Amino acid sequence: MDEILRIEHLVKTFGTNEVLRDIDFSVSKGDVISIIGASGSGKSTLLRCINMLEESTGGRILYHGRNILAGELDEDQYRTKVGMVFQSFNLFNNYTVLENCIIGQTHVLKRSRDAARDKALEYLSKVGMELYINAKPRQLSGGQKQRVAIARALAMDPEVLLFDEPTSALDPEMVGEVLDVMKDLAKSGMTMLVVTHEMAFARDVSTRVIYMAEGRIEEEGSPKELFNSPKSPRTKEFLSRFMQA
Amino acid sequence: MTIAEMNFFQRMLYILERYGGSLAKGAATTMAIAIICTLLGCVIGFAVGLVQTTEPHKKDDIVKRGVLKVVKVILTAYVEIFRGTPMMLQAAFIYYGMSQLFGINLGMWSAAIIIVSVNTGAYMAETVRGGILSVDPGQSEGARAIGMSHFQTMLLVILPQALRNIMPQIGNNLIINIKDTCVLSIIGTVELFFTFRSISGALYTYFEAATVTMIIYFVLTFACSRILRYAESRMDGPSNFDLATTDTLAFTSGLTRYDEKKGGTH
Ligand SMILES: Nc1ncnc2c1ncn2[C@@H]1O[C@H](COP(=O)(O)OP(=O)(O)O)[C@@H](O)[C@H]1O
Ligand SMILES: [Mg+2]
């Protein structure tokens, strides 16, 4: 298997609060990993550490064998390879939809404007937003914003995409359109790490599921293993509570 | 007919006839100083505000951190001193201080421009700092997440939004500057207020001269505030956008109008 990321003994503390304790797992090409767990268990912090928006306290994050926490790779260059989709979209408010998907390509990847525009249009079509290229983010619905945010991330040609609860801020009727885009992405072979409360997505789309509790990986396995026969009593309890709700 | 025999309106007309040229010149000087100094003040304000909102990078060594700290202290002193003292005294202090201490005779124009710019810059620095902090932190995370450097993030994403946020305060500063250039009469700058004093001194018609000059000040400030409003709405862009046609291969072909109110909701 083609390993892209390996997280080793990752630790993160905020003051005295241990938010991530000894996290170990790896991400290979084509993996679609769902991370589930109660609120406050450290899921967002884990993604933010992987993408270096948060400074890790200890451990190693290897990207193709190079430890990014030790500065073995330029931080900004690494980030173009590991894209991120946020719960709150974070589209650039001062640019149009098209410009949102172009600006990183021209300024960071130094692509020509024409090439960047073609690529932006390609991915905007893929997420069904090609008609809205002239709109500003404030003129879009939440679901539309999130689809543009996915196109913006894809336009950078990342190797892995991190999603932090991409549908949690959406009105219920818009959750489906974003999940559909993510399903298509997974099917096309994109490597994805998805923090989610959408258990159906975790069960049906992902290749692996990680259950986090109190900053630790409590259990990890195939969706079948985790959902049908969880080993840990905590996992069992979380899932039963979640399925009821 | 002598001035003493004239009524209020005749006196105002007389002032305009006889001193129209001087008043126009004074108004032009006032506007030139106000506009130039507001722009320079913005440049200073953005530079200072940027430094003051810069957090040391985690990898920076002790020397870099120390330099940043010292620069920040100096800039804070600058902001506090120039905001905390009257501009009229600052004008006297700089103009006469330069000649007395250093033998430098600042020309009337350069003295005026330095004083008002530096003063505006002190106010703008705080405004810019607030403008930068008011931009949603998610904007900079979105930029960093696609690999933008700190510099690119500021230049392409944060500062344009900060600028838009503080446009009303920039307009406010321009209007304040139009009025406050009058303190420059202390160093002999022949601006609108100086012209008023010359006219009223020559004719002993304080009320009429004041009325005429006030009207001129008001026209100037009101015109500026309207123009800035317009600039703000231009920056916001249209409230509706063109929906591209379904023919994704030819985006330049016909566009249909899409109404914001019918389209996006939040
Ligand atoms: N910037 C921060 N400063 C201090 N504590 C934080 C910060 N961010 C997150 N935390 C704490 O870390 C824990 C995990 O948060 P988070 O990663 O957001 O959890 P999750 O995404 O699983 O809901 C929480 O207890 C939260 O209060
Ligand atoms: Mg979270």
- Task: Among the residues of the stretch B:182-204, count how many are open to solvent by 30 Å² or more (accessible area, probe 1.4 Å) and not small (Gly, Ala, Ser).
- Result: 8
- Query: Hey, which of the helices (runs of 4 or more DSSP H) in the stretch A:36-143, taking only ones fully inside, have at least 1 residues that are within 16 Å of ligand 1 (Cβ to nearest atom)?
  - Reply: A:43-50
- Residue that is nearest to A:Gln105 (Cα to Cα), among those in the stretch A:41-83 that are open to solvent by less than 10 Å² (accessible area, probe 1.4 Å) and of a type in the set (A, V, I, L, M): A:Val82
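Conditions (1) touching a Ser or Thr at 6+ places or on another chain (Cβ under 9 Å); (2) among the β-branched types (Val, Ile, Thr); (3) within 14 Å of chain A (Cβ to nearest Cβ), marked per residue:
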residue: B:Thr76; (1), (2), (3): no, yes, no
residue: B:Ser110; (1), (2), (3): no, no, no
residue: B:Ile114; (1), (2), (3): no, yes, no
residue: B:Thr127; (1), (2), (3): no, yes, no
residue: B:Arg144; (1), (2), (3): yes, no, yes
residue: B:Gln152; (1), (2), (3): no, no, yes
residue: B:Arg164; (1), (2), (3): no, no, yes
- Task: Only one of these is within 16 Å of ligand 2 (Cβ to nearest atom), in contact with a helix residue (DSSP H, G or I) (Cβ under 7 Å, 6 or more places away or on another chain) and at pLDDT 95 or above: A:Ile61, A:Ile35, A:Ile50. Name it.
- Result: A:Ile35
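Let's see how each residue does on (1) at positive phi; (2) more than 9 Å from chain B (Cβ to nearest Cβ):
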position	(1), (2)
A:Asp76	no, no
A:Val82	no, no
A:Val85	no, no
A:Ala115	no, yes
A:Val148	no, yes
A:Arg152	no, no
A:Asp157	yes, yes
- Within the stretch A:1-35, residues open to solvent by less than 70 Å² (accessible area, probe 1.4 Å) and outside any strand (DSSP E or B) come out as A:Gly30, A:Asp31
- Query: Does the stretch B:170-181 contain at least one residue that is over 24 Å from the mean Cα position of the chain (by Cα) and either away from chain A (no Cβ under 13 Å) or open to solvent by less than 20 Å² (accessible area, probe 1.4 Å) (or both)?
  - Reply: no
- Look at A:Tyr132 and say whether it is more than 19 Å from A:Phe163 (Cβ to Cβ), at the interface with chain B (Cβ under 9 Å from one of its Cβ atoms) and surrounded by fewer than 23 Cβ atoms within 10 Å (Cβ to Cβ). no
- Task: Would you be able to say whether some residue in the stretch A:179-201 is under 22 Å from B:His150 (Cα atoms) and part of a loop (DSSP other than H, G, I, E, B)?
- Result: no
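The values are calculated or read from the model by the stated rules, or taken from the named source; none is laboratory data. Predicted, not measured: the structure shown is a model, and the values here were computed from it. Note that each Cβ is placed from the backbone with ideal geometry, even for glycine, and that neighbours are counted across all protein chains shown. Ligands, DNA and RNA are stripped out before the accessible areas are found, and what is left, the full protein with its side chains, is counted by its heavy atoms. Shrake-Rupley method; radii C 1.70, N 1.55, O 1.52, S 1.80 Å.
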